[in-house]
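Every read-out reported here was derived from the displayed coordinates using simple, explicitly stated rules and does not represent laboratory data. Fair warning: this is a prediction, and the values are worked out from it, not measured in the lab. Backbone-built Cβ (ideal geometry, glycine too); neighbour counts: all protein chains shown.
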Amino acid sequence: MPAVSNFIILECNNQACRFRFPARKSEAQMRWCPKCHGSLSIKENFVENPLLEVDKKGTLRIDVILDNIRSAYNVGSILRTSDGLNIHHLYLCGITPTPENPKVGKTGLGAELSTPWTYSPNSVDLIKSLDSSELKIIGLERTNNSIPLDQVSNLEHDHVLLIIGNELAGIDPFLRRECHQLIHIPMFGHKKSFNVTIAFGIAVYHLQLISKN
């Protein structure tokens with residue numbers, strides 16, 4: 001994340017506290033530490049980075065179905081990640097909150113304006129309405145038949161529909177049967193899955209990388 005010039009670093013002068021945090025320059029007159037109420041000093045000014053060249057976009061088109069995602073914060077985070085990974089379209093289905101929900105905007109930070117999305121109350125009706133003849137439909141879910149993500153090296157398609165299911169129940173059984181391939185992210189700790197936003201980012205990033213090879 002590039003630094004921007006409208007921020008400063010404030011630090012508490014109380015040696016027993018020394019709370020240090022970023023603040024907007026408009027808050028430069030803030031005098032009291034929010035933790036111990038000691039006095040504050042400006043310690044750093046952020047310097048604006050030069051504009052970075054945007055990475056070249058891959059040729060892979062990825063559309064995503066978010067089916068019955070419960071958390072508005074997860075949806076907002078996925079929207080922001082979708083912008084960074086050049087998702088072509090997000091289909092929000094069932095109970096999945098839409099950007100009209102202010103909690104989505106809190107983590108999306110405006111990404112709902114740059115990533116096309118539509119809402120459908122029924123994901124089965126939606127997938128039946130799509131032309132799947134040119135699509136490779138991939139479900140992100142661990143099953144007995146799913147393939148570890150690191151073994152996915154050739155998509156053989158330039159248009160992918162990725163399905164992300166409910167955080168607890170997983171992908172709707174009808175949608176799972178429609179998938180040409182199920183993939184999962186190998187886990188190395190005690191938990192069996194990542195948070196849906198983390199899993200989404202890992203999976204899409206990998207798919208974009210292999211599409212450029």
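Amide H contacts for Asn14 (H built 1.01 Å from N in the peptide plane; partners 5 or more residues away or on another chain; cut-off under 5 Å): Ser39. Electrostatic tally near Gly94: other residues with Cβ closer than 9 Å to its Cβ, Lys and Arg +1, Asp and Glu -1, net -2.
By the Cβ distance rule of under 4.7 Å, the chain has these cysteines without a partner: Cys93, Cys179.
Report, in degrees rounded to the nearest 10, the 0 to 90 angle that the Cα long axis of helix 72-84 makes with the longest principal axis of the chain. Once rounded, the angle reads 80 degrees. Tilt of helix 196-212 relative to the longest C-alpha principal axis of the chain, in degrees (0 to 90, nearest 10)? Approximately 70 degrees, to the nearest 10. Taking amide H as placed 1.01 Å from N in the peptide plane, the amide H of Thr96 sits under 5 Å from that of Asn68, Ile69, each at least 5 places away or on another chain. Treat every Asp and Glu Cβ in the chain as -1 and every Lys and Arg Cβ as +1, leave all other atoms uncharged, and give the resulting dipole magnitude about the Cα centre to the nearest 20 debye. Roughly 940 debye for the chain. Between Lys103 and Thr143, the modelled labels are 2.9 nm apart [label points 7 Å from Cα along Cα→Cβ].
The GNM of the chain, with springs linking C-alpha atoms under 10 angstrom apart, assigns the highest mean-square fluctuation among Ser41, Ser77, Ser114 to Ser41. Residue-wise HN-Hα couplings along segment 118-129, as the Karplus relation 6.51 cos²θ - 1.76 cosθ + 1.60 with θ = phi - 60° gives them from phi, are 9, 10, 9, x, 9, 5, 5, 4, 4, 5, 5, 7 Hz; Gly and Pro carry x.
Taking a straight line from the alpha carbon of Lys128, these aspartates and glutamates sit under 19 Å away, with near neighbours fewer than eight places off in the same chain left out: Asp63, Asp67, Asp172, Glu178. Applying 0.36 nm per residue to the separation of Ile202 and Ser132 and subtracting their alpha-carbon distance, the gain on full extension is 22.8 nm. Listed by chain and number, the aspartates and glutamates placed with their C-alpha closer than 12 angstrom to that of Lys43 are Glu11; residues fewer than eight positions away on the same chain are left out. Only Cα sites of the chain enter the Debye sum here, all with the same form factor; the resulting log10 I(q)/I(0) across q = 0.13 1/Å is -0.81, listed in q order. Here the 3J(HN,Hα) profile of segment 102-110, calculated from phi with Karplus coefficients 6.51, -1.76 and 1.60 at θ = phi - 60°, is x, 5, 5, x, 5, 9, x, 6, x Hz, Gly and Pro shown as x. Normalised by the number of residues in the chain, the average gap of Cα pairs under 8 Å and 6 or more apart makes the relative contact order 19 percent. For Phe7, the amide hydrogen comes within under 5 Å of the amide hydrogens of Lys25, Phe46, counting only partners 5 or more places away or on other chains and with H modelled in the peptide plane.
Our helix-only sum for the chain, with -39,500 (n - 2.57) per DSSP H run of n ≥ 4 divided by its residues, gives a mean residue ellipticity at 222 nm of -7000 deg cm²/dmol.
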